[in-house]
Every structure is written in structure tokens, then in C-alpha cells.
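Computed from the coordinates by the stated procedures, all read-outs in this text should not be read as laboratory data. Computed from a predicted model, the values in this text were never measured in an experiment. Cβ coordinates were reconstructed from backbone atoms using ideal geometry, including for glycine residues, and neighbour counts include every protein chain displayed.
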Amino acid sequence: MKVKIRNPGITDVKQIYEIEKLSFDHPFPSNVIFIQVFLHSDTSLVIEYKGKVIAYAIAAKEGKRLHLLNFAVHPEYRGLGLGKLLLDRILRLAKKKGLKEVYLEVEHDNEIAKNLYRKMGFKEIKVIKGYYHWGKDAIVMAKRLE
């Protein structure tokens, strides 16, 4: 499977939003995704296959840290290692930009995502009770970059 990994543009927002809706019970609204892509395109990535966005990672630079705001692979393309590939590229991008850490929040019961993050070297830092507006707790995970 030959894929292209690149920074997202505004024209990708519709496809990112479609993946968002298919991936999460409480998706970000399309206007929030638009703003995230507009503000953070240089620290975010998409995977494109045959001209279609099939995965995305939206991340924001915060001082010497990169905050992974949102990350998903289209359901039809899961299980192919694309999440690992995309996360690896985000980590390399952060390191290239001289950042010292990447961190994220994940729903406490999202075992698939937590397992991927652990495999990629992320450690659980803390739990934030009621972090999500629908009441679920979040686990903050972080990886130091060397």
C-alpha cells in the first residue's frame, strides 16, 4: 500500500471531519477541525491513499511540547499499521522542530489507543476526572523526545 504523508490543508477538512464522525462518539464539529488545521497545519499530518485522506493527526506546538489534539484512522483502513506509521511521523516531526515532549489525552477506557501509545513509548502521567464534556475521564500520556 503506497501512501503519501503530508501536512493538511483547508481542502482536507471535509475528509478529516468524515473520519472524525466515523471514529468518535463525540466528534469535534467541522468548524473546530477547520480552525485546528488552519492554526496547526505545520505540526499536523494526514495520510493520503489514492487521493483520499485516510488518517490524520492534528497537533499543536506549545512551547517545547507538542500536544496531540486529535488522531484517527478511517475504519476501513484500521489494522494496517497506519496509526503506528502516523504517530511515528508525528514524533519525528516534533523532534525535527526541536521539541522535547509529545503529550495527549485519551479516554480512560480506549484500550486500543492506549496500547498503541504505550508501544510507541508513551507513559501514563495522570488521570483527569470528567475531562471530556460527556463526563468520561482522560488519561494524560506523554513521551520525552531524545
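A few notes on this one:
- The separation of the stretch 11-38 from the stretch 70-109, counted between C-alpha centres, amounts to 16 Å.
- Rounded is the label for the chain, because the ratio a/c of its alpha-carbon gyration tensor axes (a ≥ b ≥ c) stays below 1.5.
- Length gained when the stretch Lys96-Lys2 is fully extended (0.36 nm per residue, less Cα-Cα span): 31.5 nm
- When the helices of the chain are scored as -39500 (n - 2.57) per DSSP H run of n ≥ 4 and the total is divided over every residue, the value at 222 nm lands at -9500 deg cm²/dmol.
- Cα lying deepest toward the dipole's positive end in the chain, options Val53, Ile19, His133, charges on Cβ: Val53
- The stretch 72-146: C-alpha gyration tensor shape, a/c 1.5 cut-off, then a/b vs b/c: oblate
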